[in-house]
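All remarks here apply to the structure that follows.
The values are calculated or read from the model by the stated rules, or taken from the named source; none is laboratory data. Quick caveat, the model's predicted, so the values are computed rather than measured. Note that each Cβ is placed from the backbone with ideal geometry, even for glycine, and that neighbours are counted across all protein chains shown. SASA here: full protein model, heavy atoms, side chains in, ligands and nucleic acids out. Shrake-Rupley method; radii C 1.70, N 1.55, O 1.52, S 1.80 Å.
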Amino acid sequence: MTLIKSISGFRGTIGGAEGDNLTPADIVKFTSGYARWLGAGRRKVVVGRDARPSGGMVDALVQGTLMGCGVDVVDVGLCTTPGVEMAVVAHGADGGIIITASHNPVNWNALKLLDARGEFLSAADGQRVLELSEDDAFDYPQVAELGRVVLREPFDEQHIDAVLALPLVDVEAVRARGFKVVLDAVNSVGGVVMPRLLERMGVEVVCVNCEPTGQFAHNPEPLPENLRELSERVVSGGADLGLAVDPDVDRLALVCEDGSMFGEEYTLVAVADYVLSQSAGAAVSNLSSTRALRDVALARGGSYTAAAVGEVNVVAEMKRTGALIGGEGNGGVIYPALHYGRDALVGTALILTWLARKDLKASELRDSYPKYYMVKDKMTVADPGPILERVAAKFAGECVDLRDGVKIDFADGWVHLRRSNTEPIVRIYAEASSPEAVRELAAKVVE
Ligand code: MG
């Protein structure tokens, strides 16, 4: 079926032939490559996984291979992506491996690789791991040098402690508001950690799909079409808010008290509005995220810049600008006061604080922000290169950004075309202030 080897990790389908899927042999090969990238000497790596059914199998192979390469293991078990990232730093480890295929279907899994800062590998480091994975000339260590599991302990409570200790998280204000929240954790690790976080903030939680069985109750991507049950439960239960997280809990989508979508793009907008209301500073998102973030940042006396798509690019731009807040329009909130990684727990705590302090309903908060409409489309083309060049040339008189495909900023909206890394398609994103305007804008560029 599929095996995607990229600088950001290894992703594929379980079962089938070696080299075409994420088979046990491939897992051993990639983990060996990562272990060698860590370098000589005694090394320690944090390993955690989401709840998908193949997780236990992949986990056992990853941990066994690391030990066979002389690397000690800290096993945090079922854990969120942001939790593993923070555990790397908390345990003074040299790196981390997160076993999760994020929002991909149940038959997928992946190894996401972290450095000693608990951040995703740079392109150069990722490339080096790829090369080492393909290089068979490796002497595995002798018996005296084998690694071992030095700690087996979950990290959720420490993660929650760190979130609640943030100065901008106001537990008392949230507790006083007496929120009722419906949580859809799509039967993965969010079902374990998110209710704990909410309970510790004095929130009444109604759990939907919170058993960490890995049997996703619906398509696990937190998009509106997959959140119908959540929306209904919010309305029927008279709740203040619905929360949806993806299987590894780095994306957060909100449902308003009336069952309408807060909009995945607006999770980051609302959090940034709160953070920048406390002190003005820089905000960062990627080129395909809503312009509302720029509007909100400027209105708060801050600044805004965009990075190429990809968490590692957003983090690099955030460090360059000293951003106070950043992330991706897909519900990924990065709050560097906690760590440089998308984190639905910190997003939830900051949103609840903001709603409590503003004393607004979720729909009222959403409606207070600039309203934009986005379309996400794709076009099948064998060779996207010439098309992107022609579009760039045609709109050369406009504000054109060529860092990641072609993004054209018009006065009243934008269009972003980028090639897929994995399929012969061009992705087309467009945004404008009305549904008609955005369709017109997209059509103008596509033509
Ligand atoms: Mg994810």
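A few points about this structure:
- A single entry from 221, 225 fulfils the requirement of being within 20 Å of the chain's Cα centre (by Cα), modelled with pLDDT under 95 and not in a loop (DSSP other than H, G, I, E, B): 225.
- Taking residues in the range 337-353 that are on the phi < 0 side of the Ramachandran plot, and partners anywhere that are modelled with pLDDT under 95, the pairs with Cβ atoms closer than 8 Å and at least 6 places apart or on different chains are 341/311; 342/311.
- Complete set of residues in the range 86-105 that are more than 14 Å from residue 44 (Cα to Cα) and either more than 15 Å from the ligand (Cβ to nearest atom) or in a helix (DSSP H, G or I) (or both): 86
- Against the test of being of a type outside the set (A, V, I, L, M) and within 16 Å of the ligand (Cβ to nearest atom), the options 347, 281 yield a single qualifying residue, 347.
- Residue match in the range 241-252 (condition: within 16 Å of residue 347 (Cβ to Cβ), away from the ligand (no atom under 16 Å from the Cβ) and assigned to a strand (DSSP E or B)): yes
- Residues of the range 112-131 that turn out to be assigned to a helix (DSSP H, G or I) and open to solvent by 20 Å² or more (accessible area, probe 1.4 Å), as a count: 7
- Test for residue 233: is it in contact with a strand residue (DSSP E or B) (Cβ under 6 Å, 6 or more places away or on another chain), open to solvent by 70 Å² or more (accessible area, probe 1.4 Å) and outside any loop (DSSP other than H, G, I, E, B): yes
- Highlighted here are the helices (runs of 4 or more DSSP H) found entirely within the range 301-419 that include at least 3 residues which are open to solvent by less than 40 Å² (accessible area, probe 1.4 Å) and modelled with pLDDT of 95 or more: 311-321, 344-358, 362-367.
- Filtered residue count, the range 1-33, keeping only those that are open to solvent by 30 Å² or more (accessible area, probe 1.4 Å), part of a loop (DSSP other than H, G, I, E, B) and farther than 16 Å from residue 127 by Cβ: 8
- Filter result for residue 40 (modelled with pLDDT of 95 or more and away from the ligand (no atom under 16 Å from the Cβ)): no
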